[in-house]
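The values are calculated or read from the model by the stated rules, or taken from the named source; none is laboratory data. On a predicted model such as this, the values are computed, not experimentally measured, just so you know. Note: ideal-geometry Cβ built from the backbone for every residue, glycine included; neighbour counts use all protein chains shown. All accessible areas refer to the heavy atoms of the entire protein, side chains included, with ligands and DNA or RNA removed. Shrake-Rupley method; radii C 1.70, N 1.55, O 1.52, S 1.80 Å.
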Amino acid sequence: MLTDVIKPMQTPNFYPHSLAVKTGANDPLRTSVAHLFSRAQNLPCSTAVQSYVQLVPATLRFSLALEVVFPLLDAPVDLSRRILAAYMLCALYAPHPITINPFHSALVNTFVRERGHAAKIAADGGTGPSEQLVWVLWKILKGDGSDIGPFSPGHLAQSPVPPQLRAANLFLPDEPTQHEKPKFDPFADDKPTLDVYTTPPASISSTSGLPGIHRGTRTDEETERLSQGMALFLAARDRVLTLSEQRILGPLIPQLTSTPLITSHDLRPLIAHNPTLAHPILTALLAQPLIDTYLDVLRHVPPTLPTFDLLGRLLRDTTAVIDRTTGGRTTIADLIRSEVLGWFLHESMLWLDKAQEEEQAGVISDDRFAKGVQNLCRFYNSLVKLSIVDTTSDADTAEMKHFTLRNARIEEANALYRVLAMNTY
């Protein structure tokens, strides 16, 4: 059993010096992982995990995590590295429930031990040096580890923990309450100590405490649903979801977009496979204050049918959002029209010109160029019919007229050029 492998490493005084021989400087991969931990203090934890996944082949991720990452959890290193190690051991097996994580028992053991140390210091009126680590481990073991991802290890290590979320007040769901105190406290001494098994106040939020995290306590069922939703979202980047899967994921979109669980890097593959799901996700993301990265993705997506489907939906979306220019209110449709559409059309023409060059050079042998021109011209023609594009304006139509004239041998381009030429004064 895997737990039998990990169990000998769980004693408080264990530090895997023997592993230092295996992870010497002569091993480039292990050295690279160690370098990653030394440089990732100011990067989001999720970014560090993505870097680890890209750096380490899938067949070596567990063994390297066991040999290099896991020892940092209890090693005498700075707190930020221990926090990053805890998050990485959790995130490598997300979105599966934390209870089946191969490092679960080790994380629990570290949590209980560090909480006991911190509680003893608190009983003497002090503040334990690992209060932030205990809070992070508590979040992870409750199934809320994804909330940690947007924050950097350095930020988490330096952020003060509110009194109600101090280590002595944090408990796991299956721990004994004040009515079920253990008979033996391994950290007890001759004088009375703080009872580390006192039930925390019911009003304490399971996700409050550090800046940017504001969410109420989740039940096990809610955590499981969110975990399932995140799993479906990850799958949506690689394949088309079934209708039943879309119905499961749809109601969870507000939760997935309320914190930065979805990044701009996720949007391009999501649009390619599931444009109908990408629409409500983008609507929620564009209602947030910082939207430049999401708009930039839309400006550079390739001119494919899923892209045109999504943009068509967004250009008809009347959801109200903040106008970044005036500070007033505008709509998703107006936002896309003013800040995305023109740029997208320009980038689409460049993309198709490059596809034509590659086709002529024999680099590609498919019909992406001809199909792309047809689809772009049909899309633009629909914009004309909806009066989204002003055909009487040379500024709005000059680039498209030039593009359609160059490709007039394609029927759709020829037809669109005639429409534009006839309506331009």
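Couple of notes before you dig in:
- Selected residue [in the same structural domain as residue 271 (by the TED database) and free of Cβ contacts under 8 Å to residues at least 24 places away in the same chain] from 290, 315, 352, 295: 290
- Residue under evaluation residue 292, criteria (1) closer than 30 Å to residue 402 by Cβ; (2) out of contact with any strand residue (DSSP E or B) (no Cβ under 9 Å at 6 or more places or on another chain); (3) modelled with pLDDT of 90 or more, criterion not met: (3)
- The set of residues in the stretch 319-343 being closer than 28 Å to residue 399 by Cα, assigned to a loop (DSSP other than H, G, I, E, B) and polar (S, T, N, Q) consists of 325 alone.
- Residues in the stretch 47-66 that are touching a residue at least 40 places away in the same chain (Cβ under 8 Å), open to solvent by 10 Å² or more (accessible area, probe 1.4 Å) and farther than 17 Å from residue 110 by Cα: 49, 62.
- Every residue from the stretch 374-393 that is in contact (Cβ under 8 Å) with a residue 60 or more places away in the chain and more than 14 Å from residue 305 (Cα to Cα): 383, 386, 388
- The stretch 138-155 residues that are more than 23 Å from residue 99 (Cα to Cα) and in the same structural domain as residue 98 (by the TED database), paired with ones that are among the aliphatic types (A, V, I, L, M) and in a helix (DSSP H, G or I) (beta carbon under 8 Å, 6 or more apart): 153/48; 153/83; 153/84
- At least 1 residues being over 25 Å from the mean Cα position of the chain (by Cα), modelled with pLDDT of 85 or more and not aliphatic (A, V, I, L, M) is the threshold, and among the helices (runs of 4 or more DSSP H) wholly inside the stretch 6-119 those reaching it are 28-39.
- Residues located in the stretch 276-299, provided they are assigned to a loop (DSSP other than H, G, I, E, B) and open to solvent by 40 Å² or more (accessible area, probe 1.4 Å): 287, 288, 289, 290
- Condition met for residue 392 (surrounded by fewer than 14 Cβ atoms within 10 Å (Cβ to Cβ) and out of contact with any Cys (no Cβ under 7 Å at 6 or more places or on another chain)): yes
- Considering the stretch 316-354, and only residues there that are farther than 28 Å from residue 367 by Cα and aliphatic (A, V, I, L, M), the residue that is surrounded by the fewest Cβ atoms within 10 Å (Cβ to Cβ) turns out to be 320.
- Of the residues making up the stretch 390-407, those that are over 19 Å from residue 350 (Cβ atoms) and either assigned to a loop (DSSP other than H, G, I, E, B) or not assigned by the TED database to the domain that holds residue 346 (or both) are 390, 391, 392, 393.
- Output for the stretch 300-315, where each listed residue is under 20 Å from residue 386 (Cβ atoms) and open to solvent by 30 Å² or more (accessible area, probe 1.4 Å): 305, 306, 309, 313
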